[in-house]
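Structure first, commentary second.
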Amino acid sequence: MRKKSVASVTMLAAWGLAWLAFFHVGAAIAAGVDCGPVSNTSADLPRTATIGTNQAGTGAHAMGTALAAVGSNHTPISVRVQPHSGPNAWISLLQNGELEFGIINTIDSYMAITGTGNFPKPSPALRVVSGGVFPFFTGIFVRDRSDIKELKDLRGKRVAWDYGGHAANQTFLNAALEIAGVKPSEVIQVRVSNMADGTQGVTEGRVDATNTGVGIAIDEEANAREPIRFLTVPNTEAAAKILAKVGASVAKAPASAGVKEGANMIGYPLTLSGSTKVSERTVYTLVKAWWEHLGEIQPKHPLLKRWTKETQAITNFTVPYHPGAIKFYKEVGVWTAKHEAQSKAVCQ
């Protein structure tokens, strides 16, 4: 189905304006972020905890599964994974206290806590637990035999669009098009329901290109059906300025399905979130277990090699850190004056 929806373009333009006005890594975040205290003051650990992720085969699911296994093995808490179509699908559960944790990037985090983008209601309970995987790579891929060689060649082609619960996918796609000088109206927009649907659309020939995570299982599955190729992002000052508006940057990616070693992709933080409805002791206990047993997490998926001690307390967070996480990171000496400054900027 071909789609050039005025409503979709209007909504995406609004996202762009929101980011121009409100978000820049390392800079002050716009007012409106709720920085209230933890409401769960229990000293008892829960019997179970759940991590919301994307579908199986995605980087978020791999990350959640590894954390759940290590958390269950080294704490009294039984941690499980609950796949969803994207953060939009589980954020209300976290806000209501029906879900303890979720895998979400810094862009979706800000839109979720403020109720902007395609998050219709603010989720003020959202908190960062760990900076997680950085950089997590995203990019646009095509069939390897496609005549699309560069981002600018997407003009006039069928491009997966909307992505349902994966709002950030559309944000990164728009940024890539802007880098290439291609307007959204210059591509044939084909609505897909989520990231996996876009990937399947390329392999089935329904679309010519889609945006997705780099180095994840669904890429490998697609590549096994027919070789795929990710389009390189130019490492220019102009590209850097465009990506900075959405908290991302150009970064060299490791070799993976459709990506040659050192190819330039879009990199950004993929974080683990929690909420104010999860107690400080619960978060502290799990963060400590994940820190101390890092050697059990990293081998579970190639992506998790970028889950390091250096990336747990990032300084470009867009929503407040959970006090249970801050307590632990202060104990191990990785919470610094830069983190305090960013906290003040987020909570102004």
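The values are calculated or read from the model by the stated rules, or taken from the named source; none is laboratory data. Since the structure is predicted, the reported quantities are computational estimates derived from the model, not experimental observations. Glycine gets a Cβ as well: all are built from the backbone with ideal geometry, and neighbour counts include every protein chain shown.
General observations
- Residue in the range 143-163 that is assigned to a loop (DSSP other than H, G, I, E, B), small (Gly, Ala, Ser), farther than 24 Å from Ser39 by Cβ and within 18 Å of the chain's Cα centre (by Cα) present: no
- Extreme residue, surrounded by the fewest Cβ atoms within 10 Å (Cβ to Cβ), among residues of the range 261-309 that are within 22 Å of the chain's Cα centre (by Cα) and of a type in the set (Ser, Thr, Tyr): Thr308
- For the range 29-46, taking the residues that are among the aliphatic types (A, V, I, L, M) and over 24 Å from Thr106 (Cα atoms), the one that is modelled with the lowest pLDDT is identified as Ala43.
- Scan of the range 172-186 for residues that are out of contact with any Lys or Arg (no Cβ under 6 Å at 6 or more places or on another chain) and free of Cβ contacts under 8 Å to residues at least 40 places away in the same chain, ordered by number: Leu173, Leu177, Gly181, Lys183
- Index of the failed condition, Arg145 passing every other in (1) basic (Lys, Arg); (2) in contact with a helix residue (DSSP H, G or I) (Cβ under 9 Å, 6 or more places away or on another chain); (3) closer than 22 Å to Ala217 by Cα; (4) assigned by TED's automatic domain parsing to the domain that holds Glu221: (2)
- Single residue of the range 298-333 satisfying the filter (in contact with a Lys or Arg (Cβ under 7 Å, 6 or more places away or on another chain) and hydrophobic (A, V, I, L, M, F, W, C)) that is farthest from Gln95 (Cα to Cα): Phe328
- Members of the range 84-115 that are over 16 Å from Asn169 (Cβ atoms), touching a helix residue (DSSP H, G or I) at 6+ places or on another chain (Cβ under 9 Å) and of a type outside the set (A, V, I, L, M): Gln95, Glu98, Glu100, Phe101, Gly102, Thr114
- Residue within the range 115-137 that is surrounded by 22 or more Cβ atoms within 10 Å (Cβ to Cβ) and in a helix (DSSP H, G or I) present: no
- Among the residues of the range 164-175, those that are in a helix (DSSP H, G or I), farther than 18 Å from Val202 by Cβ and either in contact with a Cys (Cβ under 8 Å, 6 or more places away or on another chain) or of a type outside the set (Val, Ile, Thr) (or both) comprise Ala167, Ala168, Asn174, Ala175.
- Here Ile179 meets each of (1) within 16 Å of the chain's Cα centre (by Cα); (2) part of a helix (DSSP H, G or I); (3) among the aliphatic types (A, V, I, L, M) with one exception, condition (1).
- Conditions (1) under 28 Å from Pro299 (Cα atoms); (2) modelled with pLDDT of 90 or more; (3) not aliphatic (A, V, I, L, M): number failed by Pro135: (2)
- Answer from Ala89, Ala21 - the residue that is exposed (fewer than 15 other Cβ atoms within 10 Å of the Cβ), among the small types (Gly, Ala, Ser) and modelled with pLDDT under 95: Ala21
- Residues in the range 197-213 that are within 16 Å of Pro83 (Cβ to Cβ) and surrounded by fewer than 24 Cβ atoms within 10 Å (Cβ to Cβ): Asp197 alone.
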